[in-house]
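Chemist: Pasting a structure here, questions to come.
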Ligand SMILES: NC(=O)C1=CN([C@@H]2O[C@H](COP(=O)(O)OP(=O)(O)OC[C@H]3O[C@@H](n4cnc5c(N)ncnc54)[C@H](O)[C@@H]3O)[C@@H](O)[C@H]2O)C=CC1
Ligand SMILES: O=C(O)[C@@H]1CCC=N1
């Protein structure tokens, strides 16, 4: 059943679009229900044309919706708060107005302080949402009723798996799942570079790198394999994989990835 209320979106950048486009395609959110706000008139016009949505720089219009997805950069949060307050004072508050924030690192206590009068949910999505293979971590703020929780779960379930987590776990969750696609993209790009160096044409190398990643993930998940088991399945005595693994260990790949996830989690905590 489509979303019955207007749906505000404040900040229609890469993450908001990765969430919204599948929701529009699925029919859960109708185009006519969306009230989106962005920073500049030029991007409002471009996005309105591209997506067939009502997009403007008038944030108060977006904030007048009973449910608002907030997807500006964490550093832009202070700038958007006044329009949210104006919208609440201009109209009688809707039944349980709700703010869904996807801002990295910004904790519930800060959302609740900046957006009084709205129940808040902190959501950590990732860009594979665009192809409905996303992961979203959710933590509820004070006063989010069961009916609203059900709607939020349903919304994010359209784009992948939804997990409810204690708020302190959202920073490492974000480091692994939201920053993770960039880390894995670097691995895919580098492996394709290696195949090009070894003589494959670039388009074929890129295609094969992506298929290898997807197939490996499907195998790990489908067979519930420990990654070490999969590695051992592939590695023949005195074979090609052992030769490659030796180079990866020499270069410190494990340590580099551990430190990358730790650094991303720490940065998320700093953005608070
Ligand atoms: N990109 C990703 O993979 C993920 C992003 N996030 C979070 O999502 C949020 C958005 O990130 P991106 O989409 O990557 O950024 P982006 O830069 O692509 O989008 C930001 C959007 O905010 C709008 N904006 C800026 N100031 C505004 C204002 N005063 N009023 C209305 N709109 C305004 C911009 O016009 C733009 O549409 C960030 O807080 C980020 O931490 C969370 C998880 C993953
Ligand atoms: O890099 C960032 O800060 C955002 C949050 C997680 C993914 N992109």
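Chemist: From largest to smallest, what semi-axes in whole angstrom does region 7-166 give when each is the square root of 5 times an eigenvalue of its alpha carbon gyration tensor?
Modeler: After scaling each eigenvalue by five and taking roots: 20, 20, 14 Å.
Chemist: Is the shape of region 20-99 rounded, prolate or oblate, going by the alpha carbon gyration tensor and its root eigenvalues a ≥ b ≥ c, with a/c under 1.5 for rounded and a/b larger than b/c for prolate?
Modeler: Cα axes put region 20-99 in the oblate bin.
Chemist: Let me check against my output: what whole-number percent is the relative contact order of region 180-270, with C-alpha pairs under 8 Å and at least 6 apart?
Modeler: Numbers: 26 pairs, mean separation 15.1, N = 91.
Relative contact order for region 180-270 comes out at 17 percent.
Chemist: Hey, can you rank 241-251, 134-144, 187-197 by average C-beta count inside 10 Å, highest first? If you can, show how the numbers build up before the last one.
Modeler: Details: 241-251: 11.3, 134-144: 19.5, 187-197: 14.6.
The peptides rank, most packed first, as 134-144, 187-197, 241-251.
Chemist: While we're looking at this one, here's another question. Starting from the Cα-Cα distance between residue 196 and residue 230, subtract it from 0.36 nm times their residue separation and give me the gain in nm to one decimal.
Modeler: 9.7 nm
Chemist: Expressed as an acute angle from 0 to 90° and rounded to the nearest 10, what is the orientation of the C-alpha long axis of helix 253-270 relative to the principal long axis of the chain?
Modeler: On a 0 to 90 degree scale, this one is about 10.
Chemist: What ranking, highest mean first, results for peptides 166-177, 228-239, 256-267 when packing means the other Cβ atoms within 10 Å averaged over each residue? Spell out each step's value before the answer.
Modeler: Working: 166-177: 18.5, 228-239: 10.7, 256-267: 14.4.
By packing density, highest mean first, the sequence is 166-177, 256-267, 228-239.
Chemist: Kirkwood hydrodynamic radius of region 180-270 from all distinct Cα pairs, in Å?
Modeler: By the Kirkwood definition, the hydrodynamic radius is 14.9 Å.
Chemist: Could you work out the relative contact order of region 7-166, using alpha carbon pairs under 8 angstrom and six or more residues apart, expressed as a whole percent? Mind dumping the intermediate values first?
Modeler: Numbers: 310 pairs, mean separation 34.9, N = 160.
Computed over region 7-166, the figure is 22 percent.
Chemist: With each run of n ≥ 4 DSSP H residues scored as -39500 (n - 2.57), what mean residue ellipticity at 222 nm is computed for the chain after dividing by its residue count and rounding to the nearest 500 deg cm²/dmol?
Modeler: So the calculated ellipticity at 222 nm is -17000 deg cm²/dmol.
Chemist: Compute the acute angle (0 to 90°) between the alpha-carbon long axis of helix 240-251 and the principal axis of greatest extent of the alpha-carbon atoms of the chain; round to the nearest 10°.
Modeler: Value to nearest ten degrees: 60.
Chemist: Cα gyration tensor of region 132-176, axes a ≥ b ≥ c as square roots of the eigenvalues: rounded (a/c below 1.5), prolate (a/b > b/c) or oblate?
Modeler: In terms of gyration-tensor shape, oblate.
Chemist: Compare 90, 218, 39 in a GNM of the chain, Cα atoms joined below 10 Å, and give the one with the largest fluctuation.
Modeler: Of 90, 218, 39, the most mobile in the Gaussian network model is 218.
Chemist: When only Cα pairs under 8 Å and 6 or more residues apart are kept, what is the percent relative contact order across the chain?
Modeler: Values: 413 pairs, mean separation 41.8, N = 272.
Relative contact order of the chain: 15 percent.
Chemist: Can I ask one more? Provide, as a two-decimal number, the C-alpha radius of gyration of the chain over 2.2 N^0.38 Å, N being how many residues it has.
Modeler: Against the empirical 2.2 N^0.38 Å value, I get 1.16 for the chain.
Chemist: Right, something else. In region 193-216, which residues have a backbone nitrogen under 14 Å from the label point lying 7 Å from residue 243's Cα in the Cα-to-Cβ direction?
Modeler: Only 195, 198-199 pass the distance filter.
Chemist: Using the alpha-carbon centroid of each, what span in Å lies between region 200-272 and region 2-41?
Modeler: Here the answer is 35 Å between Cα centres.
Chemist: Could you list 131, 106 so that the one with the fewest beta carbons within 10 Å of its beta carbon is first and the one with the most is last?
Modeler: Working: 131 12, 106 19.
Least crowded to most crowded, the residues run 131, 106.
Chemist: To the nearest 10 degrees, how steep is helix 202-222 against the longest Cα principal axis of the chain, on a 0 to 90 scale?
Modeler: 80 degrees
Chemist: Once you order the gyration tensor axes a ≥ b ≥ c over the Cα atoms, which shape class does region 94-161 get: rounded for a/c under 1.5, otherwise prolate or oblate by comparing a/b with b/c?
Modeler: Working: a/c = 2.68, a/b = 1.50, b/c = 1.78.
Oblate, because a/c is 1.5 or more while a/b does not exceed b/c.
Chemist: To the nearest whole percent, what portion of all C-alpha pairs in region 75-228 is separated by more than 22 angstrom?
Modeler: More than 22 Å apart: 55 percent of the Cα pairs in region 75-228.
Chemist: Separate question: I want to verify a result. In a Gaussian network model of the chain, Cα cutoff 10 Å, which of these has the top mean-square fluctuation: 101, 43, 206?
Modeler: Highest fluctuation among the options: 206.
Any read-out appearing in this document is the output of simple, stated calculations on the displayed coordinates, not a laboratory observation. The structure displayed is predicted, hence computed values, not measured ones. Note that we place each Cβ from the backbone using ideal geometry, even for glycine, and neighbour counts take in every protein chain shown.
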